[in-house]
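The structure appears right after this line, and notes come after that.
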Amino acid sequence: MAPVGQILANYWRKHASANANFAVVLSCLALIGIVWAVTFERVSFERDDTIANAVRQNANLAIAFEEHTIRTLKSVDQAVLFVKDQYEEHGLKLNIGRMIENGALDASLFNYIGIADERGNVVLGSSEFKPTNLADRETFKVHQQHNDNEMFIGKLNLGRITHRWNIPMSHRINKADGSFGGIVYASMDPEYFTGFYEKADLGGQGLVTLIGLDGIVRARRAGQKSSFGEDMRGTKLLVEQAKRRNGSFLGTGKVDGTVRLVSFRTLAQYPLIVVVGTSEAETLASFHERERRYYLTAGFASTMIVIF
(Lines give C-alpha, C1' and ligand atoms only; values in the text may rest on other atoms or scores of the structure.)
Protein backbone atom coordinates (compact mmCIF):
# COMPACT_ATOMS: atom_id res chain seq x y z
CA MET A 1 0.00 0.00 0.00
CA ALA A 2 1.38 3.45 -0.96
CA PRO A 3 2.26 5.89 1.83
CA VAL A 4 -0.23 8.63 2.66
CA GLY A 5 2.17 11.33 1.48
CA GLN A 6 2.45 9.70 -1.90
CA ILE A 7 -1.34 9.51 -2.20
CA LEU A 8 -1.74 13.23 -1.44
CA ALA A 9 0.96 14.18 -3.88
CA ASN A 10 -0.68 12.17 -6.63
CA TYR A 11 -4.05 13.78 -5.81
CA TRP A 12 -2.73 17.35 -6.04
CA ARG A 13 -0.89 16.58 -9.33
CA LYS A 14 -4.09 15.11 -10.74
CA HIS A 15 -6.28 18.06 -9.62
CA ALA A 16 -3.74 20.89 -9.84
CA SER A 17 -5.53 22.62 -12.70
CA ALA A 18 -8.92 22.49 -10.97
CA ASN A 19 -7.44 23.78 -7.72
CA ALA A 20 -5.74 26.65 -9.53
CA ASN A 21 -8.99 27.61 -11.21
CA PHE A 22 -10.81 27.43 -7.88
CA ALA A 23 -8.18 29.73 -6.33
CA VAL A 24 -8.56 32.17 -9.22
CA VAL A 25 -12.33 32.19 -8.82
CA LEU A 26 -12.04 32.84 -5.09
CA SER A 27 -9.55 35.65 -5.73
CA CYS A 28 -11.83 37.22 -8.34
CA LEU A 29 -14.84 37.03 -6.04
CA ALA A 30 -12.80 38.57 -3.25
CA LEU A 31 -11.62 41.33 -5.59
CA ILE A 32 -15.21 42.05 -6.70
CA GLY A 33 -16.24 42.18 -3.07
CA ILE A 34 -13.46 44.65 -2.32
CA VAL A 35 -14.44 46.83 -5.31
CA TRP A 36 -18.05 47.07 -4.17
CA ALA A 37 -17.16 47.50 -0.50
CA VAL A 38 -14.91 50.45 -1.39
CA THR A 39 -17.62 51.84 -3.69
CA PHE A 40 -20.34 51.63 -1.02
CA GLU A 41 -18.01 53.17 1.57
CA ARG A 42 -17.15 56.05 -0.78
CA VAL A 43 -20.79 56.67 -1.67
CA SER A 44 -21.82 56.68 1.99
CA PHE A 45 -18.97 59.01 2.95
CA GLU A 46 -19.68 61.51 0.16
CA ARG A 47 -23.43 61.54 0.87
CA ASP A 48 -22.85 62.22 4.57
CA ASP A 49 -20.20 64.83 3.75
CA THR A 50 -22.49 66.61 1.25
CA ILE A 51 -25.31 66.77 3.78
CA ALA A 52 -22.97 67.90 6.56
CA ASN A 53 -21.63 70.73 4.38
CA ALA A 54 -25.16 71.83 3.47
CA VAL A 55 -26.26 71.81 7.12
CA ARG A 56 -23.17 73.78 8.09
CA GLN A 57 -23.86 76.35 5.34
CA ASN A 58 -27.52 76.65 6.36
CA ALA A 59 -26.57 77.08 10.01
CA ASN A 60 -24.14 79.87 9.10
CA LEU A 61 -26.77 81.56 6.92
CA ALA A 62 -29.29 81.28 9.76
CA ILE A 63 -26.83 83.12 12.02
CA ALA A 64 -26.45 85.85 9.38
CA PHE A 65 -30.24 86.06 8.94
CA GLU A 66 -30.64 86.27 12.71
CA GLU A 67 -28.17 89.14 12.96
CA HIS A 68 -29.83 90.94 10.04
CA THR A 69 -33.26 90.54 11.64
CA ILE A 70 -32.12 91.70 15.08
CA ARG A 71 -30.42 94.79 13.63
CA THR A 72 -33.58 95.61 11.69
CA LEU A 73 -35.89 95.13 14.66
CA LYS A 74 -33.67 97.19 16.93
CA SER A 75 -33.66 100.01 14.39
CA VAL A 76 -37.46 99.94 14.19
CA ASP A 77 -37.68 99.72 17.97
CA GLN A 78 -35.49 102.80 18.34
CA ALA A 79 -37.54 104.70 15.75
CA VAL A 80 -40.81 103.88 17.50
CA LEU A 81 -39.39 104.83 20.91
CA PHE A 82 -38.04 108.08 19.49
CA VAL A 83 -41.46 109.02 18.10
CA LYS A 84 -43.02 108.01 21.43
CA ASP A 85 -40.65 110.30 23.35
CA GLN A 86 -41.26 113.18 20.97
CA TYR A 87 -45.03 112.70 21.22
CA GLU A 88 -44.90 112.69 25.02
CA GLU A 89 -42.95 115.96 24.83
CA HIS A 90 -44.77 117.78 22.01
CA GLY A 91 -48.17 116.07 21.84
CA LEU A 92 -50.25 116.70 18.72
CA LYS A 93 -47.81 119.39 17.58
CA LEU A 94 -45.40 116.63 16.57
CA ASN A 95 -44.83 116.38 12.80
CA ILE A 96 -43.71 112.84 11.97
CA GLY A 97 -43.47 113.57 8.25
CA ARG A 98 -41.00 116.37 8.92
CA MET A 99 -38.95 114.04 11.14
CA ILE A 100 -38.58 111.74 8.14
CA GLU A 101 -37.71 114.63 5.81
CA ASN A 102 -35.04 115.84 8.25
CA GLY A 103 -33.50 112.35 8.44
CA ALA A 104 -34.42 111.83 12.09
CA LEU A 105 -36.32 108.70 11.02
CA ASP A 106 -35.23 106.17 8.39
CA ALA A 107 -38.33 105.71 6.24
CA SER A 108 -36.79 102.70 4.47
CA LEU A 109 -37.49 100.63 7.57
CA PHE A 110 -41.26 100.94 7.48
CA ASN A 111 -44.24 101.73 5.26
CA TYR A 112 -45.92 103.88 7.87
CA ILE A 113 -45.46 105.08 11.42
CA GLY A 114 -48.28 106.59 13.44
CA ILE A 115 -49.88 107.21 16.81
CA ALA A 116 -53.31 106.10 18.03
CA ASP A 117 -54.87 107.56 21.19
CA GLU A 118 -56.45 105.61 24.07
CA ARG A 119 -59.65 105.12 22.04
CA GLY A 120 -57.75 103.71 19.05
CA ASN A 121 -58.16 106.76 16.83
CA VAL A 122 -55.10 107.52 14.72
CA VAL A 123 -54.09 111.09 15.61
CA LEU A 124 -50.67 111.40 13.94
CA GLY A 125 -48.97 109.69 11.03
CA SER A 126 -46.00 109.81 8.72
CA SER A 127 -48.28 110.81 5.85
CA GLU A 128 -51.82 112.05 5.36
CA PHE A 129 -54.63 109.77 6.49
CA LYS A 130 -58.39 109.65 6.72
CA PRO A 131 -60.07 109.14 10.13
CA THR A 132 -58.99 105.65 11.16
CA ASN A 133 -59.58 103.56 14.27
CA LEU A 134 -57.36 100.68 15.43
CA ALA A 135 -59.20 99.71 18.62
CA ASP A 136 -60.03 96.25 17.25
CA ARG A 137 -56.47 95.46 16.19
CA GLU A 138 -54.33 92.95 18.09
CA THR A 139 -51.55 95.51 18.42
CA PHE A 140 -53.83 97.95 20.21
CA LYS A 141 -55.49 95.38 22.48
CA VAL A 142 -52.19 93.90 23.67
CA HIS A 143 -50.88 97.27 24.89
CA GLN A 144 -54.26 98.22 26.30
CA GLN A 145 -54.16 95.11 28.50
CA HIS A 146 -50.44 95.03 29.38
CA ASN A 147 -48.51 97.93 30.88
CA ASP A 148 -44.92 97.27 29.88
CA ASN A 149 -42.22 98.87 27.77
CA GLU A 150 -41.68 95.95 25.39
CA MET A 151 -42.08 96.26 21.66
CA PHE A 152 -44.90 94.08 20.40
CA ILE A 153 -44.56 92.34 17.02
CA GLY A 154 -48.00 91.43 15.76
CA LYS A 155 -49.34 89.15 13.08
CA LEU A 156 -49.57 90.53 9.57
CA ASN A 157 -52.55 92.65 8.74
CA LEU A 158 -53.77 94.81 5.88
CA GLY A 159 -53.02 98.43 6.75
CA ARG A 160 -56.09 100.63 6.93
CA ILE A 161 -54.09 103.64 5.85
CA THR A 162 -51.46 102.11 3.56
CA HIS A 163 -53.74 99.34 2.17
CA ARG A 164 -50.68 97.10 2.16
CA TRP A 165 -49.88 93.97 4.09
CA ASN A 166 -47.63 94.88 7.01
CA ILE A 167 -45.93 93.50 10.09
CA PRO A 168 -47.08 95.82 12.92
CA MET A 169 -44.55 96.76 15.62
CA SER A 170 -45.62 98.95 18.49
CA HIS A 171 -45.04 100.44 21.94
CA ARG A 172 -47.52 101.48 24.59
CA ILE A 173 -48.01 105.14 25.50
CA ASN A 174 -48.78 105.97 29.11
CA LYS A 175 -50.45 109.11 30.38
CA ALA A 176 -48.93 111.11 33.23
CA ASP A 177 -50.87 109.03 35.78
CA GLY A 178 -49.65 105.76 34.26
CA SER A 179 -52.94 104.88 32.58
CA PHE A 180 -53.18 103.75 28.98
CA GLY A 181 -52.73 106.59 26.52
CA GLY A 182 -52.57 104.79 23.18
CA ILE A 183 -49.83 103.29 21.01
CA VAL A 184 -47.04 104.24 18.66
CA TYR A 185 -46.80 101.76 15.80
CA ALA A 186 -44.71 101.13 12.72
CA SER A 187 -45.83 99.01 9.77
CA MET A 188 -43.07 96.98 8.08
CA ASP A 189 -43.08 95.36 4.67
CA PRO A 190 -42.50 91.59 5.20
CA GLU A 191 -40.32 91.49 2.10
CA TYR A 192 -37.81 93.68 3.91
CA PHE A 193 -36.81 90.49 5.74
CA THR A 194 -37.10 87.98 2.92
CA GLY A 195 -34.95 90.22 0.73
CA PHE A 196 -32.12 88.51 2.60
CA TYR A 197 -32.86 85.47 0.42
CA GLU A 198 -31.56 87.21 -2.68
CA LYS A 199 -28.13 87.54 -1.08
CA ALA A 200 -27.81 83.83 -0.30
CA ASP A 201 -27.32 80.92 -2.70
CA LEU A 202 -30.07 78.57 -1.52
CA GLY A 203 -31.00 76.98 -4.82
CA GLY A 204 -34.27 77.09 -6.73
CA GLN A 205 -36.27 75.68 -3.82
CA GLY A 206 -34.41 77.35 -0.98
CA LEU A 207 -36.35 78.74 1.96
CA VAL A 208 -36.04 81.76 4.25
CA THR A 209 -38.73 82.27 6.89
CA LEU A 210 -39.35 84.60 9.82
CA ILE A 211 -41.91 82.99 12.12
CA GLY A 212 -43.29 83.97 15.50
CA LEU A 213 -43.21 81.72 18.55
CA ASP A 214 -47.00 81.76 18.16
CA GLY A 215 -46.51 79.68 15.00
CA ILE A 216 -47.63 82.36 12.53
CA VAL A 217 -45.31 83.23 9.64
CA ARG A 218 -44.33 86.91 9.45
CA ALA A 219 -42.39 86.60 6.22
CA ARG A 220 -41.56 83.63 4.00
CA ARG A 221 -39.79 83.17 0.71
CA ALA A 222 -39.48 79.79 -1.01
CA GLY A 223 -37.75 79.89 -4.36
CA GLN A 224 -39.05 83.02 -6.04
CA LYS A 225 -42.39 83.00 -4.22
CA SER A 226 -43.05 85.25 -1.22
CA SER A 227 -45.86 84.67 1.26
CA PHE A 228 -46.86 85.28 4.87
CA GLY A 229 -49.50 84.45 7.43
CA GLU A 230 -49.19 80.65 7.25
CA ASP A 231 -50.06 78.78 10.45
CA MET A 232 -47.08 76.53 11.28
CA ARG A 233 -48.32 75.28 14.63
CA GLY A 234 -47.80 71.55 15.05
CA THR A 235 -45.11 71.35 12.36
CA LYS A 236 -41.74 69.69 12.89
CA LEU A 237 -40.09 73.11 13.09
CA LEU A 238 -42.08 74.10 16.18
CA VAL A 239 -41.58 70.63 17.69
CA GLU A 240 -37.80 70.89 17.22
CA GLN A 241 -37.72 74.48 18.48
CA ALA A 242 -39.53 73.39 21.67
CA LYS A 243 -36.61 71.00 22.32
CA ARG A 244 -33.80 73.49 21.66
CA ARG A 245 -33.48 77.13 20.67
CA ASN A 246 -31.16 76.50 17.73
CA GLY A 247 -30.74 73.44 15.56
CA SER A 248 -31.02 71.62 12.24
CA PHE A 249 -33.21 68.83 10.92
CA LEU A 250 -34.58 67.17 7.77
CA GLY A 251 -38.25 67.95 7.26
CA THR A 252 -41.04 68.15 4.72
CA GLY A 253 -42.54 71.60 4.13
CA LYS A 254 -46.14 72.01 5.23
CA VAL A 255 -46.85 74.57 2.52
CA ASP A 256 -45.21 73.03 -0.57
CA GLY A 257 -44.27 69.48 0.49
CA THR A 258 -40.59 69.98 -0.39
CA VAL A 259 -38.11 67.95 1.66
CA ARG A 260 -35.49 70.35 2.99
CA LEU A 261 -32.42 70.47 5.19
CA VAL A 262 -33.50 73.12 7.67
CA SER A 263 -31.55 75.22 10.18
CA PHE A 264 -33.28 77.54 12.63
CA ARG A 265 -32.39 80.01 15.35
CA THR A 266 -34.57 81.55 18.06
CA LEU A 267 -33.98 85.27 18.60
CA ALA A 268 -32.96 86.07 22.16
CA GLN A 269 -34.51 89.55 22.26
CA TYR A 270 -37.71 88.93 20.32
CA PRO A 271 -40.35 86.13 20.12
CA LEU A 272 -39.29 85.11 16.62
CA ILE A 273 -37.53 82.25 14.85
CA VAL A 274 -35.42 82.61 11.71
CA VAL A 275 -35.33 79.63 9.37
CA VAL A 276 -33.07 78.78 6.43
CA GLY A 277 -33.57 75.67 4.33
CA THR A 278 -32.26 74.04 1.16
CA SER A 279 -33.94 71.33 -0.90
CA GLU A 280 -32.56 67.87 -0.16
CA ALA A 281 -32.95 66.94 -3.83
CA GLU A 282 -31.00 70.00 -5.01
CA THR A 283 -28.37 69.52 -2.32
CA LEU A 284 -27.74 65.90 -3.34
CA ALA A 285 -28.04 66.41 -7.12
CA SER A 286 -24.27 66.62 -7.77
CA PHE A 287 -23.66 63.76 -5.33
CA HIS A 288 -26.12 61.51 -7.21
CA GLU A 289 -24.22 62.19 -10.45
CA ARG A 290 -20.99 61.07 -8.79
CA GLU A 291 -22.82 58.12 -7.22
CA ARG A 292 -23.93 56.88 -10.66
CA ARG A 293 -20.37 57.17 -11.96
CA TYR A 294 -19.05 55.19 -8.99
CA TYR A 295 -21.58 52.40 -9.54
CA LEU A 296 -20.91 52.30 -13.29
CA THR A 297 -17.17 52.07 -12.64
CA ALA A 298 -17.64 49.32 -10.05
CA GLY A 299 -19.95 47.44 -12.42
CA PHE A 300 -17.48 47.71 -15.29
CA ALA A 301 -14.62 46.55 -13.09
CA SER A 302 -16.70 43.61 -11.83
CA THR A 303 -17.58 42.63 -15.42
CA MET A 304 -13.92 42.68 -16.48
CA ILE A 305 -12.97 40.56 -13.48
CA VAL A 306 -15.70 37.99 -14.33
CA ILE A 307 -14.53 37.87 -17.96
CA PHE A 308 -11.01 37.28 -16.73
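The values are calculated or read from the model by the stated rules, or taken from the named source; none is laboratory data. Note that the structure is a prediction, hence the values are computed from the model and not measured. Here Cβ is always computed from backbone atoms with ideal geometry, including for glycine, and neighbour counts include all displayed protein chains. To get the accessible areas, we keep the full protein, side chains included, count just its heavy atoms, and leave off ligands, DNA and RNA. Shrake-Rupley method; radii C 1.70, N 1.55, O 1.52, S 1.80 Å.
Before moving on, here are some points about what is shown:
- Test result for F264, modelled with pLDDT of 95 or more and open to solvent by less than 70 Å² (accessible area, probe 1.4 Å): yes
- Test result for G212, over 27 Å from K243 (Cα atoms) and either of a type in the set (G, A, S) or in contact with a strand residue (DSSP E or B) (Cβ under 8 Å, 6 or more places away or on another chain) (or both): no
- Taking each residue of region 149-175 that is closer than 15 Å to L134 by Cα and open to solvent by less than 20 Å² (accessible area, probe 1.4 Å) and looking for partners that are hydroxyl-bearing (S, T, Y) and part of a strand (DSSP E or B) with beta-carbon atoms closer than 7 Å, six or more apart or interchain, yields G159/Y112; G159/S187; N166/S187; P168/Y185; P168/S187; M169/Y185; S170/Y185.
- Residue check, T283 polar (S, T, N, Q), under 13 Å from the mean Cα position of the chain (by Cα) and on the phi < 0 side of the Ramachandran plot: no
- Scanning region 102-145 for residues that are in a helix (DSSP H, G or I), open to solvent by 60 Å² or more (accessible area, probe 1.4 Å) and modelled with pLDDT of 90 or more yields E138, K141, Q144, Q145.
- Condition check for M232 on (1) open to solvent by 10 Å² or more (accessible area, probe 1.4 Å); (2) over 29 Å from N166 (Cβ atoms): one failure, at (2).
- Per-region count, region 87-97, residues more than 20 Å from P168 (Cβ to Cβ) and crowded, with 20+ Cβ neighbours inside 10 Å: 0
- For first residues located in region 29-50 and more than 11 Å from Y294 (Cβ to Cβ), partners that are open to solvent by less than 90 Å² (accessible area, probe 1.4 Å) and β-branched (V, I, T) and lie 6+ apart or on another chain with Cβ distances below 9 Å form the pairs L29/I305; L31/I305; I32/I305; T50/T283.
- Among the candidates G215, G203, G182, the residue that is on the phi > 0 side of the Ramachandran plot and open to solvent by 30 Å² or more (accessible area, probe 1.4 Å) is uniquely G203.
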